[in-house]
Each structure stands twice: as structure tokens, then as C-alpha cells.
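The values are calculated or read from the model by the stated rules, or taken from the named source; none is laboratory data. For clarity, every value in this text was computed on a predicted model and none was experimentally measured. Here Cβ is always computed from backbone atoms with ideal geometry, including for glycine, and neighbour counts include all displayed protein chains. Heavy atoms of the whole protein, side chains included, go into the accessibility calculation; ligands, DNA and RNA do not. Shrake-Rupley method; radii C 1.70, N 1.55, O 1.52, S 1.80 Å.
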Amino acid sequence: MAKRWVIVAGVLVMSVAALRGQQTVVRRAPPLSAKETAAARDEPLRPQYHFTPPRNFMNDPNGLVFYGGEYHLFYQHNPFGATWGHMSWGHAVSRDLLHWEDLPVALREEDGIMIFSGSVVVDRKNTSGFCRPRGADPSCLVAIYTGFRPDRQTQNVAFSNNRGRTWTKYAGNPVIDLGLKDFRDPKVFWHEDRNRWVMVTVLPDQHKVRFFGSSDLKKWEALSDFGPAGATGGVWECPDLYPLPVDGDGADNRWLLDVDLNPGAPAGGSGGQYFIGRFDGTRFVNDNPPDRTLWVDRGKDFYATISFSDIPSADGRRIWMGWISNWLYANEEPTETWRGAQSIPRVLRFRRIPDGVRLVQSPVAELDTLRVPGPPTSIEHATPLPSGADIEMEVSRGDWKQAGLRLSNDLGEEVVVGVTSDPLEVFVDRRKARSVPAHAEYPGRHAGAVRWIDGRVRARVLFDRSVLEIFANDGETVITERVYPTAPLTRIQWVSDIGGGQATARMWALGSVWNAPARQP
Ligand code: DQQ
């Protein structure tokens, strides 16, 4: 049996909750003092530029929305402990997608109903009647979330008239009740041509996405179903749907339908798949055969993605975030005080490659503002590794088998990020990353196919103490992994049979968002 990694920290539960619906009496852990906060932020595994909760457990990102100059990140959160439970929406805001200000819990478990995943929209024209117009601006924020009881999942709404600082649950909830035990994760957007709201949900165990339409966010009618299709080895969760241009061509917009799967992902456990097709406001039609599966990420730790709503058209980006974990071991990650991390926000595009149209993902440009000024370090011999790093590696076609960068420490713990030539793949090998017993599902080597582009494979590697995100060939292949060494990884060097000049890497140190103030991109 897998050894438990750590003792769950900071739980003050006076009587145990209520997965079965009995009365729940719990007391929140008190906020951390300034000294405790500083210590928790400097825990050896605490990422310095990826979002982590100030305290306790976090899983899926929820309700990503841009409003009034702020990006909002809500997230699945247990306010009472460092394992999953009492699900509520934690909340943080940012002006640059990197520096997040923690705010109080936005939506709390109440009356035995947990707040599962969902989305937030800007109700610009007050279609819901929830908004209190201020001057010429009639808008407000509306959250659409799943209310969870052990025997029933329903869709519900709540609204905020003060930029998300406080929320009111709608007295007429639930707004959709199909009498089902499994029916969740509403993602809502405004469909301009049909002049109505569209809600994308999943019927998880039926492997179906169900679409609903509404003019006021309160009365919903079922529109159509999509699925089963693609991968169905686990339940479907956290869907999302939006158009993306192919190769930047606004005349060739395809719709991306994102559906997460647990378990059944290529690296084991949870992961994301996507479908490419057409959506007419009522029905999604897959461009590919139903048995074609397209994976979002080849690592073991990227789940429950959701994209930002309401990013202004002048910006025009579609940006998503995903939770960097896996349900196989999410409750047992070896961190204290806090648990769970979100990915760097990623810009999404479609690109036509020889295999067809595919999703590409790249870190938001704002990340460059964290690069410590000065020229990058060229990695030739063993080089000191800062606790946050942005590395660009490139290998050229030739007579070699493997070219990798080894990130290591004096205990002999190491992670290798590299490329193999046959098969042509990028990989992350974390089998030797932790010298003490780890969860049985943690050690592993995870790889994804790449292609030669002008005789080269390039990869951007983001390292953040316990997080690795690899974007190969500008994000055509992505690998996201947590790494849990018992002491910091402090050295980086090539390990390969590749000839001189055929492999190059340069590295920028990245500052901590807690020490480096926000800068303009
Ligand atoms: N997590 C939420 C659900 C969702 C799942 C509950 C995905 O709404 O389906 O915490 O990780």
C-alpha cells in the first residue's frame, strides 16, 4: 500500500462533515500570521510563480473571468483542511495573471450542499435581472456552479454586484435539476449569433456533454448532446467550448470542445482530451472520427482546465489554466499548510500540422516580466539551477539517441527533461526524483511525440521548485509534472550522447511573485 507522505496540516474540524448530508459543524483554521505566511511561502516545494492556495486544499480552477481590469481565479477549495472536502470556491484576483491577491472564500458549502466546479460570466446587459446598475454600466458577475449532494448534482447560480467580493446565491436555485446523481461542471458563455447563453455540462458516467440554452441565466432548455466519443476510460468532467482561429486566420475558426477524463489519461489517472469541430449555437459536430482521441498534455499532472471568460476582444487571447495534479495522489502530495497548484496561464491556438489541426499552448507573455534582467545563462557544463527558471533547449537532427537536461541535488535526486530520437519524443523522467518512498503512482517517465521542424526540436521548460511545464515546438506537445525532491534541485546539466553544437540550452532565472513587483509586459 502506498505510504502516506505527510500529515495533513491545519485541520480544525469539530465534527466531521457530511458527505452523507448530516449536520456539519466545522471551524475554519485561523488565518496564518505574517511570520507563518512568510515561512509557508518559502517551503522547499512551494512554487514561486505558480498559483497555490494560501492555506489548505485546492483542486480545479473555477470561474476564470476578466472584469474591470482584474482577472479572477476561483478554485475548488477545502477551507478546513489539506485534503478534498467541504468544497467551496476559493478566490484570488490579479492584474497580470502572475501576481495574485488572495481574497476570502467566495462561495461556501451551505445546508449540506457543496460548491463543485463551474464558471463565471459578465452579464453585460443584465439579462438575469441580478445586476444593480451603477451609472451607465448595467453589468454584474454571475457564477454558475454545481451544487453537490451525495445523491444529486444540480446547476445553480449566484451573483455579485461588487466585483466578486461578495456573492448571493439565487433564491430560485437549482436552475437545472435532472434528478441525476452525476451531472456537473457548467461552463457558460454568450453566443452572439443566437443571442443567448449556452451552458456546457457533462453527464460524467454516460460520457456525454449536454448543452443548454437560456436568455436570462435562470431558465434553461436542453439543446443537444455530444458523445460518447474519444476517450471514455473514466468519467467525463469539466467541459469547455470556444472558437479558436486556425493558424491565426480569423476566417477559419474551429470550435474546441475540451473534456477532462478521470481516470484513463495516457500517463495514468486524470487528464484532458479535446475535440475539434463546429458549433452552431445548438449542436457540436466533431470534425474527426468519433474514435479519434486528441490529448491536451502528455504529463501526469494537468487536469480540469477552464478558459477565461470575457477577455476583451482588443486582447483577443483565449487563455486557460489547469490544476497541476492527478486524482491518483492529489490528497497525498508531500506539502504542508497548503496543497495543490495551478498551471501558468496558457494561450491557446490551433495550428495545422502534417497530422491535421491541433491545439498548441504557450505560457502567457506576461511571464517574461519575471525573467531576472540580464543575458541568459548558457547551459554547457553543470550549472547552478535557480529555484525558478525559464529554459529554452534546442536539439538538431543527427546521429544520437537521447539529449536531456538533468535537474539534480546533492542527494542524488534528479529529474531529466529531454528528447529521444527514436521514437522522436520529449519526455520527463521523475523516477529518481524522490529518495524516500513515494506514492506508488508518483514515479514514472512520461513522453509525447514531437516532429522535426527545420531539422530541430525546441522546448521551453518552466521550472518552479516542484513544478515542471514543458512546451515542445511552441506548445505542440506539452508535458506538465509535479516533482517532489526531499531537498531543492540546485544543479542543471546535459546528459546525452549528442555531439557538441547539436544541443543548446539557455536559461533565465525567474523571480518570485512574492518578491518581484508586477511589471508591464
Ligand atoms: N472536481 C470537482 C467536480 C469536478 C471534479 C469537485 C474534477 O466538480 O468534476 O471538486 O476534478
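With within 19 Å of residue 505 (Cα to Cα) and open to solvent by 10 Å² or more (accessible area, probe 1.4 Å) as the only criterion, which of 357, 372 stands out? Step through it out loud before you land on a result.
Working: 357 fails: within 19 Å of residue 505 (Cα to Cα).
Among 357, 372, only 372 is within 19 Å of residue 505 (Cα to Cα) and open to solvent by 10 Å² or more (accessible area, probe 1.4 Å).
Which of the residues that make up the range 171-185 are outside any strand (DSSP E or B), open to solvent by less than 60 Å² (accessible area, probe 1.4 Å) and more than 13 Å from the ligand (Cβ to nearest atom)?
Across the range 171-185, the qualifying residues are 172, 173, 174, 175, 179, 180.
Check the range 243-266 and report whether any residue there is under 17 Å from the mean Cα position of the chain (by Cα), of a type outside the set (Val, Ile, Thr) and surrounded by fewer than 16 Cβ atoms within 10 Å (Cβ to Cβ).
yes
Could you grab the pairs with beta carbons closer than 8 Å, sequence gap of 6+ or different chains, first residue in the range 329-347 and at positive phi, second one open to solvent by 10 Å² or more (accessible area, probe 1.4 Å)?
Listed pairs, sorted by first residue: 337/9; 337/10; 337/32; 337/36; 337/43; 337/55.
Among the residues of the range 122-139, is there at least one that is of a type in the set (A, V, I, L, M) and under 29 Å from residue 206 (Cβ atoms)?
No - not one qualifying residue is present in the range 122-139.
In the range 334-344, which residues are touching a Ser or Thr at 6+ places or on another chain (Cβ under 9 Å) and within 21 Å of residue 470 (Cα to Cα)?
The answer is 340, 341, 342, 343.
Within the range 72-87, which residues are of a type in the set (Ser, Thr, Tyr) and near the ligand (Cβ under 10 Å from one of its atoms)?
Across the range 72-87, the qualifying residue is only 75.
Exactly one of these conditions fails for residue 328: (1) in a loop (DSSP other than H, G, I, E, B); (2) touching a Pro at 6+ places or on another chain (Cβ under 8 Å); (3) under 23 Å from residue 63 (Cα atoms); (4) not hydroxyl-bearing (Ser, Thr, Tyr). Give me its number.
(3)
Of all residues in the range 223-240 being assigned to a strand (DSSP E or B) and within 16 Å of the ligand (Cβ to nearest atom), which is surrounded by the fewest Cβ atoms within 10 Å (Cβ to Cβ)? I'd like the intermediate steps shown before the answer.
Residues of the range 223-240 that are assigned to a strand (DSSP E or B), as a first pass: 223-226, 235-240.
Going one step further and asking which of them are within 16 Å of the ligand (Cβ to nearest atom), we end up with 235-240.
Details: 235: 19, 236: 28, 237: 22, 238: 30, 239: 27, 240: 25.
Taking the candidates together, the pick is 235.
Output the qualifying pairs, or none if there are none: Cβ atoms under 7 angstrom, residues six or more apart or on different chains, first residue in the range 34-45 and at negative phi, second residue modelled with pLDDT under 90 and open to solvent by 80 Å² or more (accessible area, probe 1.4 Å).
43/336
Of all residues in the range 389-448, which are among the polar types (S, T, N, Q) and buried (at least 16 other Cβ atoms within 10 Å of the Cβ)?
Answer for the range 389-448, where residues must be among the polar types (S, T, N, Q) and buried (at least 16 other Cβ atoms within 10 Å of the Cβ): 396, 402, 408, 409, 420, 421.
So is residue 365 open to solvent by 10 Å² or more (accessible area, probe 1.4 Å) and either modelled with pLDDT of 95 or more or of a type outside the set (A, V, I, L, M) (or both) or not?
yes
For the range 132-146, how many residues meet the condition of being in contact with a strand residue (DSSP E or B) (Cβ under 8 Å, 6 or more places away or on another chain) and over 20 Å from residue 64 (Cβ atoms)?
Number of matching residues: 1.
Identify, from the list 112, 118, the residue that is surrounded by fewer than 20 Cβ atoms within 10 Å (Cβ to Cβ), within 16 Å of the ligand (Cβ to nearest atom), closer than 18 Å to residue 77 by Cβ and not β-branched (Val, Ile, Thr).
None of the other options fit; the residue is 112.
List the number of the failed condition for residue 20; all other conditions in (1) closer than 25 Å to residue 326 by Cα; (2) over 24 Å from the mean Cα position of the chain (by Cα); (3) at pLDDT 55 or above hold.
Going through the list (1) closer than 25 Å to residue 326 by Cα; (2) over 24 Å from the mean Cα position of the chain (by Cα); (3) at pLDDT 55 or above, residue 20 breaks only (3).
Working only within the range 449-473, note down all residues that are touching a Ser or Thr at 6+ places or on another chain (Cβ under 6 Å) and open to solvent by 10 Å² or more (accessible area, probe 1.4 Å).
Those that are touching a Ser or Thr at 6+ places or on another chain (Cβ under 6 Å) and open to solvent by 10 Å² or more (accessible area, probe 1.4 Å): 450, 455, 456, 465.
Name the residues in the range 88-107 that are within 14 Å of the ligand (Cβ to nearest atom) and either over 30 Å from residue 215 (Cβ atoms) or among the basic types (Lys, Arg) (or both), would you? I'd like the intermediate steps shown before the answer.
Residues of the range 88-107 that are within 14 Å of the ligand (Cβ to nearest atom), as a first pass: 88-90, 107.
Across the range 88-107, the qualifying residue is only 90.
Could we say that residue 188 is in a strand (DSSP E or B) and within 16 Å of the ligand (Cβ to nearest atom) here? Even if it seems obvious, please write down each step before you answer.
Working: in a strand (DSSP E or B): yes; within 16 Å of the ligand (Cβ to nearest atom): yes.
Yes: the conditions hold for residue 188.
(1) in contact with a Leu (Cβ under 6 Å, 6 or more places away or on another chain); (2) of a type in the set (Gly, Ala, Ser); (3) outside any loop (DSSP other than H, G, I, E, B): which one isn't true of residue 269, the others all being true?
Status for residue 269: all satisfied but (3).
Condition first: assigned by TED's automatic domain parsing to the domain that holds residue 217, within 13 Å of the ligand (Cβ to nearest atom) and either assigned to a strand (DSSP E or B) or touching an Asp or Glu at 6+ places or on another chain (Cβ under 6 Å) (or both). Can you find one or more residues in the range 121-138 that meet it?
no
Could you please tell me which pairs satisfy a Cβ distance under 6 Å, a separation of 6+ or placement on different chains, a first residue in the range 297-320 that is under 16 Å from residue 275 (Cα atoms) and open to solvent by less than 10 Å² (accessible area, probe 1.4 Å), and a second residue that is of a type in the set (D, E, K, R) and part of a loop (DSSP other than H, G, I, E, B)?
Sorted first by the residue in the range 297-320, then by its partner, the pairs are 307/318.
Of all residues in the range 194-205, which are open to solvent by 50 Å² or more (accessible area, probe 1.4 Å) and within 14 Å of the ligand (Cβ to nearest atom)?
205
Could you give me the residue pairs with C-beta distances under 6 Å whose first residue belongs to the range 231-246 and is in contact (Cβ under 8 Å) with a residue 24 or more places away in the chain and over 19 Å from residue 348 (Cβ atoms), whose second residue is away from the ligand (no atom under 15 Å from the Cβ) and not aliphatic (A, V, I, L, M) wherever it lies, and which are 6+ apart or on separate chains?
As it stands, the answer is 231/293, since those pairs meet every condition given.
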